């Protein structure tokens, strides 16, 4: 089951009494453009309207290092809980559930978790991902990757607004 087709049949669960549950362990190589793998546990609980989905997930999300601008993989952990409601069609053939609902149960009694898992993985991603904690970044003048070695640019002139703070730092070291 790939993340694009992470679908669970819930027909039997919908026939059971409120409070009935099913547990699933997911461990999939996603192979999408933005997620490498996803793993975790999903619990589906029958409600009077549909199914509550409780998930505790770990995903490897592809990103760009905010310092050196190289591709990097970030492992993120996240939980989510949402209610999935059955999609109902109107005489015009339109779904009566809101267009922005993340989780719906289709007419075949199938719950597709792929989009919710993908979106929550992206929300859990750090705002400024790093390839490694000590990433030196790139030179602001020439763009050279400072992780390889220092660039050949002349030493950068210091911003005079910081001179008192720099002097204070040097005095505290001595």
Item checked: Filter result (touching a residue at least 24 places away in the same chain (Cβ under 8 Å), touching a strand residue (DSSP E or B) at 6+ places or on another chain (Cβ under 7 Å) and at positive phi) within region 11-49 -> 19
Item checked: Selection within region 144-174 - modelled with pLDDT of 85 or more and assigned to a loop (DSSP other than H, G, I, E, B) -> 144, 146, 147, 148, 149, 150, 151, 152
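Looking only at region 75-90, how many residues end up being within 19 Å of the chain's Cα centre (by Cα) and buried (at least 16 other Cβ atoms within 10 Å of the Cβ)?
Number satisfying all stated conditions: 4.
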Next item on the list: Keeping to region 41-74, report how many residues are surrounded by fewer than 19 Cβ atoms within 10 Å (Cβ to Cβ) and farther than 21 Å from residue 136 by Cα.
Entry: 11
Item checked: Residues of region 51-104 satisfying the condition of being in contact with a helix residue (DSSP H, G or I) (Cβ under 8 Å, 6 or more places away or on another chain) and at pLDDT 90 or above -> 51, 53, 55, 57, 59, 61, 76, 77, 78, 80, 82
Note to self: I need the full set of residues from region 121-132 which are assigned to a helix (DSSP H, G or I) and buried (at least 19 other Cβ atoms within 10 Å of the Cβ), in order please.
What the structure shows: 121
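So which of 117, 138 is in contact with a strand residue (DSSP E or B) (Cβ under 8 Å, 6 or more places away or on another chain), under 30 Å from residue 81 (Cβ atoms) and surrounded by 10 or more Cβ atoms within 10 Å (Cβ to Cβ)?
Every option except 117 fails the conditions.
The values are calculated or read from the model by the stated rules, or taken from the named source; none is laboratory data. Not measured: the values here are computed from a predicted model. Glycine also receives a Cβ, built like all others from the backbone with ideal geometry; neighbour counts cover every protein chain displayed.
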